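The values are calculated or read from the model by the stated rules, or taken from the named source; none is laboratory data. Keep in mind it's a predicted model, so treat the numbers as computed, not measured. Here Cβ is always computed from backbone atoms with ideal geometry, including for glycine, and neighbour counts include all displayed protein chains. These accessible areas exclude ligands, DNA and RNA; they are computed on the full protein's heavy atoms, side chains included. Shrake-Rupley method; radii C 1.70, N 1.55, O 1.52, S 1.80 Å.
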Amino acid sequence: MTPLSKGILLCLFSQLLFGVLYLFSHWMKPLGGTDVFALRMLTMAAGIWLMTLYSIGLPALWRFARKRLGTQRDRLLFAIGTANIGSQFWLFMWAPVNNEGVNVAMGYFLFPVVMVLAGRFWLKERLNGLQTAALVLAGLGVAHEIWTQQAFSWTTLWVCLAYPVYYLYRREMKIPALQGLTLDLTLILPFALAYLLWHADITAWVLGEPRYWLLLPLLGLFSALAMSANLKSGQLLPVSLFGMLSYAEPALLFLAAVFVLHTPVADSAYITYGLIWAGLMLLCLNGWLVFRRPKEAV
């Protein structure tokens, strides 16, 4: 399997897992979104550390940290990225149970647009005809939403403007997916543990509910697999292709928000999503052509 094909499969696999993870805050009620976030960081860190110890070992992780984060500038940039991804993890769990599910889905729809634009104008990546047509359709959908709503939710803006910075800087710093995520979660974990200790009633509630004994391990496992696969695909794929394939996640988030979480949606929003989904169909066609002619696509 070529790196391009592997990257596409990993990206789509991660999008599917993210769609499932979006529902965990709903399934874990009456816990709040921040409660689920803290528990997710705990279980996800455990899963990622097991993957790291099994695949590369602790000495390799330590050598990576010393080599790649040897300067104060590198450590500062890494810490800023950790704060960024931590806020995204929190928002992802908080939004579905606070009537922001559709707005966050819109942010994830815009995330690939920003990634594609960054790939085209910053990294000078070229787009083929199908990718260009998909980007135009997505842009029309975004323009329609701005015209009808006259504003964007802060949750939408935080996802679409802050999240691409994390991916692009980690790519520029050449941070391997697994090592980078392991260190990210290690830095976030003390804050999550402090929150859980401060709210000791959460632990008592979880221990007293048998359904959490299944949901929590699944939350950690799915989170670890989704993030590691997504970050790895982001390193294997051109930024433009990675950004466009990422449209699968917001489509799943939107469907989950509407049909499972029952988040209200304005009638005009269906035009917005219809245009963006039309672009997604073109990306699916482009991905199919990539599998048929991988060398030509590269």
Conditions (1) aliphatic (A, V, I, L, M); (2) under 15 Å from Asn103 (Cα atoms); (3) assigned to a helix (DSSP H, G or I); number of the one not met by Ala278: (2)
Residue match in segment 243-256 (condition: open to solvent by 20 Å² or more (accessible area, probe 1.4 Å) and acidic (Asp, Glu)): no
Residues (surrounded by 18 or more Cβ atoms within 10 Å (Cβ to Cβ) and not small (Gly, Ala, Ser)) located in segment 167-178: Tyr167, Leu168, Arg170, Ile175, Leu178
Selection from segment 257-280 of residues that are open to solvent by 10 Å² or more (accessible area, probe 1.4 Å) and either at pLDDT below 75 or more than 16 Å from Leu110 (Cα to Cα) (or both): Val258, Phe259, Val260, Leu261, His262, Thr263, Pro264, Val265, Ala266, Asp267, Ser268, Leu280
Count of residues meeting criterion [assigned to a helix (DSSP H, G or I) and more than 21 Å from Phe13 (Cα to Cα)] in segment 222-275: 9
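For segment 1-57: of the residues being of a type in the set (D, E, K, R) and part of a helix (DSSP H, G or I), which is surrounded by the fewest Cβ atoms within 10 Å (Cβ to Cβ)?
Once the filter is applied, the top-ranked residue is Lys6.
Going residue by residue through segment 203-219, is there one that turns out to be open to solvent by 30 Å² or more (accessible area, probe 1.4 Å), touching a Lys or Arg at 6+ places or on another chain (Cβ under 9 Å), modelled with pLDDT under 80 and in a helix (DSSP H, G or I)?
Looking for residues that are open to solvent by 30 Å² or more (accessible area, probe 1.4 Å), touching a Lys or Arg at 6+ places or on another chain (Cβ under 9 Å), modelled with pLDDT under 80 and in a helix (DSSP H, G or I), one finds none in segment 203-219, hence no.
State yes or no: is Val114 crowded, with 22+ Cβ neighbours inside 10 Å and β-branched (Val, Ile, Thr)?
No; evaluated as a whole, the condition is false for this residue.
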